[in-house]
1. Go through (1) 31.8; (2) 24.4; (3) 29.5 and flag the label whose value is the computed mean projected area of the Cα convex hull in nm² for this structure.
2. List the chymotrypsin sites (Phe, Trp or Tyr not before Pro) within segment 256-339 that fall in a DSSP loop (any state other than H, G, I, E or B) and whose Cβ has at most 12 other Cβ atoms within 10 Å.
3. Using 0.36 nm per residue, how much length does the chain from Lys4 to His356 gain when fully extended, once their Cα-Cα distance is taken away?
4. Which links in Lys213/Lys294; Lys181/Lys316; Lys134/Lys181; Lys121/Lys146; Lys127/Lys316 stretch past 27 Å when you go from one Cα to the other?
5. Taking θ = phi - 60°, what integer Hz values does the Karplus form 6.51 cos²θ - 1.76 cosθ + 1.60 yield along segment 84-90, in sequence order, with x for Gly and Pro?
6. Where does the longest stretch of the chain lie that holds no GluC sites (Glu not before Pro) found in a DSSP loop with 16 or fewer other Cβ atoms within 10 Å?
7. If you split all Cα-Cα distances of segment 46-92 into 5 Å bins from zero, what percentages do you get per bin, shortest first?
8. Given R₀ = 25 Å, what would the calculated FRET efficiency be for Gln157 paired with Glu93, taking r from the Cβ atoms and rounding to 0.05?
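Here, each number is a calculation from the coordinates, and none is a lab measurement. Keep in mind it's a predicted model, so treat the numbers as computed, not measured. With ideal geometry, Cβ positions are generated from the backbone for all residues, glycine too; neighbour counts draw on all protein chains shown.
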Amino acid sequence: MTIKLTDTAITAAVKKATETKKRVELADATLPGLRLRITPTGAKSWVLAMRDPLGRMRRFLLGAHPDKGVSEAREAARIMRASVKAGADPVVEARRTRAIGRDAKEGIGTLAAVIKIYGNKRGLTLKSWPECKKRIDSVFARLLDKPVATMRPGDLQFEADNWASPQSAAAAVRYLRPILKWASDGGRGYVNRDLALLSPPAAVGRRDRVLSKDELSRLIPALRASDRPYGHAMHLMLLTACRREEAGAARWRDMDLEAATWTIPDTKSGRPHVVPLSKQAVLLLQSIKAKVAKHDDLIFSTFSGGRLANWDRGTKTLQTASQTTEWTRHDLRRTAATLMGEMGELPHVIEAALNHASVHSQLATNYNQSRYRPEVAAALQRLADHLDGIGNGGAKIMLLKRGKKAA
């Protein structure tokens, strides 16, 4: 029945359908293809009947009446008609959306699933992957179980911008973007390419923080007095200029306290690194080595023997105890290097102590592969002695005296 649809006409059709117990379908004379289906129970739904680009007669559901009135139904029909003529298939898209929702409930196609796939394929080859994943999981926690196929760039951006620490959020964005780019490249199409355009909420500044002698005079006693693994680990970091990840992964099997050496098997430079241990570093390790410590045990671990994970809390505890602020674990490494430089240690010796990949120019490194272990051992011992003096309240920097070059 083709008529100009009005509320009066619809009411009459509903009465007829309920009385005759037969379905009634009204066709709108104003907009060709628009139909209102009325069931024998009086339920009403809008439908658009039209041919798709392949010439097939199709029917597309537009919504229910009275949730969608006559004028709203006509506008929805116009939009749907234009969309279908342009090649869209709302039925297929609706099925896909439902499938995405079902998969997401099972953890398939979610942001967490994409991160996991990337981690298994590429992330596990990165030494920084555990820390990267932890930061991403924290900042984007609310979106991890959401399907990426329906995710918009604004969803991710809002989480990053709304995070309490802009610097932490910026780091999470830098870690997530390569994952999103990888997931959208190479024919994968796991995610929309636009998601990788995520912007960090804060600029990354180059840190140059070095603890002053006054700060060290308060921090060193706090490190000595600490009975927590974070305090012990950061004390070793200051004595050896090692990285946080290296201290956190250190095991007793890596330490030879009789030879006063620590072999770090897996380093950022890609080569094993032998750290000469000062007398103070050996004493520190001896003081915390439990009699029941096993060969493969972590030196600095949780009560259950796992890797330390709450470094921020451990750092804040030490900052409170020492009345110092705004320094990070890496600042301890920078401070140790700076102190060695101020004491007159040669740059290549400091670079070797830091285990940088190159301690010379690239050309010189191709020929000279030495890591200057005796000189590094002497430099780290002088550093430890100097830190002792600062911690005891009165050391001055003693510059090294070097002999004159032979003529």
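1. Calculated mean projected area of the Cα convex hull in nm²: the matching label is (1).
2. Hits after loop and neighbour filter: Phe303.
3. Using 0.36 nm per residue and subtracting the Cα-Cα distance, I get 118.6 nm.
4. Lys213/Lys294; Lys181/Lys316
5. Ordered by residue, 3J(HN,Hα) equals 5, 4, 7, x, 6, 10, x Hz.
6. 107-257
7. Going from the shortest bin to the longest, the percentages are 5, 23, 35, 19, 12, 5, 1.
8. Working from the Cβ atoms, E equals 0.50.
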